[in-house]
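This report refers to the structure that appears directly beneath it.
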Amino acid sequence: MLDTLLINCGQLLTMDYATDLVKGEQMNELPFIENGAIGWKNGVIQYIGTTEEAETIERLNTIDCEGKLVTPGLVDPHTHLVFGGSREHEIAMKQQGVPYLEILKQGGGIHSTVQATRDTTFEDLLNKANFHLNRLISYGVTALEAKSGYGLEKETELKQLRVVKELQSSRNVPIASTFLGAHAVPRNTNPDVFLSEMESMFAMLKEEDLASFVDIFCEEGVFTIEQSRSYLTKAKEAGFSVKIHADEIVSLGGTELAIELEAASADHLIAASDQAVEWFGRSETVAVLLPGTTFYLNKESYAKARDIINYGGAVALATDFNPGSSPTENIQFIMNLAMLKLKMTCEEIWNAVTVNAAKAIGMEGIAGRLQVGRRADVIIWNAPNYQYVPYHYGVNHTNTVFINGKEAAKGGAYLE
């Protein structure tokens, strides 16, 4: 007997592909069942099919979806979930045209967040992260990645990663942990010396199981291609999967490096070269695009999603939730931006926030699709079809978010 059965799902998006990564033309496909039904027991999906076929199934609870869209929970593959403080006090300077480097000199920018994170206790960081996680869930995120990177020294980096580990054990939400100690070069510090210090943490991170991925900000004025290659190669040798903040501002070659190193993902890519864009077609590296960052920084250029897909690559979408360049937990708004600014089709967008996003953070086995035997991470939407969510912007369309079969959010609000 099932615990719960959803019936009359107008469109039931299963995302049930034969492969873990959807690339190129296939991103414009979308597996779904008309008038579908899905049921689970003890948090595990036991039935997927049509409502008609499900009539005789015994269940304790029946939910009539009344023709609403039903999908897997969304996956956010790039967040900076754990940090201290906030940066709203910089808005006036930005509006006056004060350059970011000048804001940095005044102690703002990432330096402000680093100091706040160093000064914030473990308990307060945990409470703050839980608050933001609850908001992510309310928008439909049921699996995500969380990076460190606001310590820039051992103790605070470890504090951030230990907060993530506590979330992994205390919350029923899969969270991939990424060590981004190489997020910036601390002031008055030699970058090579700093990278050596971060490399010295690899063994401890493995011993305490604090991270699955190692990331680096490969950018002009931060870490070079040579430094990034050496650092990530050592991370791979230590047993980590790797990611790169690549070509966000300058076409430095970080995207090509990510593909060369068979990184799980290359993220940002606004300035990625034409060659790099073409290479995605023969790579398993996922292009994780962050249009919310471009939008919030009021930039004109967005990542070349259309070219990446046309060349046969795989695209995922993420919020890049962070206090400086993308302070939003609303992945639905990212879907809107993907339609308007990245020129992605609705089908491509749904693949980018489910299957491909899960692959980008090593969760292809547990998140991003609906299959018998998987976790019942399911969303009922206040939408009649999958096109409606990217189309209608600025509101929260979630009706009910189920995590492991239990209601986690209702009516767009997290259930305490």
Somewhere in segment 171-180, is a residue open to solvent by 20 Å² or more (accessible area, probe 1.4 Å) and more than 23 Å from Asp267 (Cα to Cα)? yes
Being of a type in the set (A, V, I, L, M, F, W, C) and either outside any loop (DSSP other than H, G, I, E, B) or open to solvent by 10 Å² or more (accessible area, probe 1.4 Å) (or both) is the filter here, so list the residues in segment 348-359 that pass it. Ile349, Trp350, Ala352, Val355, Ala357, Ala358
Does any residue of segment 360-372 turn out to be assigned to a loop (DSSP other than H, G, I, E, B), among the aliphatic types (A, V, I, L, M), more than 27 Å from Ala413 (Cβ to Cβ) and open to solvent by less than 50 Å² (accessible area, probe 1.4 Å)? no
Quick check on this structure: which one of Asn330, Asn298, Asn310 is open to solvent by 10 Å² or more (accessible area, probe 1.4 Å), more than 22 Å from Ile137 (Cα to Cα) and either in contact with a helix residue (DSSP H, G or I) (Cβ under 6 Å, 6 or more places away or on another chain) or touching a residue at least 40 places away in the same chain (Cβ under 8 Å) (or both)? Asn310
Of all residues making up segment 273-295, the number that are within 16 Å of Ala263 (Cβ to Cβ), touching a Phe, Trp or Tyr at 6+ places or on another chain (Cβ under 9 Å) and hydrophobic (A, V, I, L, M, F, W, C): 6
Residues within segment 10-26 that are in a strand (DSSP E or B) and either touching an Asp or Glu at 6+ places or on another chain (Cβ under 9 Å) or surrounded by fewer than 21 Cβ atoms within 10 Å (Cβ to Cβ) (or both), tallied: 3
Cross-chain or 6+ apart pairs with Cβ under 9 Å, segment 97-123 first and within 23 Å of Lys159 (Cβ to Cβ) and of a type in the set (Asp, Glu), then open to solvent by less than 90 Å² (accessible area, probe 1.4 Å) and not in a helix (DSSP H, G or I): Asp119/Gly84; Asp119/Gly85
Condition broken by Ala266, with the remaining ones in (1) free of Cβ contacts under 8 Å to residues at least 24 places away in the same chain; (2) part of a helix (DSSP H, G or I) satisfied: (2)
Being in contact (Cβ under 8 Å) with a residue 40 or more places away in the chain and either under 17 Å from Ile349 (Cα atoms) or in a loop (DSSP other than H, G, I, E, B) (or both) is the filter here; which residues of segment 313-327 pass it? Gly313, Ala314, Val315, Ala316, Leu317, Ala318, Thr319, Asp320, Pro323, Gly324, Pro327
In segment 99-157, residue farthest from Trp350 (Cα to Cα) [restricted to those that are of a type in the set (Asp, Glu) and not in a helix (DSSP H, G or I)]: Glu153
Options Ala203, Ala235; residue that is crowded, with 19+ Cβ neighbours inside 10 Å and either more than 15 Å from Thr285 (Cβ to Cβ) or over 18 Å from the mean Cα position of the chain (by Cα) (or both): Ala235
Filter segment 373-395 for residues that are assigned to a loop (DSSP other than H, G, I, E, B) and among the charged types (D, E, K, R); the one that is nearest to the chain's Cα centre (by Cα) is Asp377
Positions within segment 27-53 being within 21 Å of Asn385 (Cα to Cα), touching a residue at least 40 places away in the same chain (Cβ under 8 Å) and surrounded by 17 or more Cβ atoms within 10 Å (Cβ to Cβ), in sequence order: Met27, Leu30, Phe32, Ile38, Ile48, Thr51
Provide a single number: the residues in segment 131-165 that are out of contact with any strand residue (DSSP E or B) (no Cβ under 9 Å at 6 or more places or on another chain) and surrounded by fewer than 17 Cβ atoms within 10 Å (Cβ to Cβ). 2
Note on Ile110: of the conditions (1) more than 26 Å from the chain's Cα centre (by Cα); (2) of a type outside the set (Gly, Ala, Ser); (3) at pLDDT below 95, unmet is (1)
Search result, residues across segment 222-275 that are basic (Lys, Arg) and more than 16 Å from Ala303 (Cβ to Cβ): Arg229, Lys234, Lys236
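The values are calculated or read from the model by the stated rules, or taken from the named source; none is laboratory data. What you see is a predicted model; the values in this text were computed from it and never measured. A quick note on method: Cβ atoms are made from the backbone with ideal geometry, for glycine too, and the neighbour counts reach across all protein chains shown. For accessibility, only protein heavy atoms count, side chains too; no ligands or nucleic acids. Shrake-Rupley method; radii C 1.70, N 1.55, O 1.52, S 1.80 Å.
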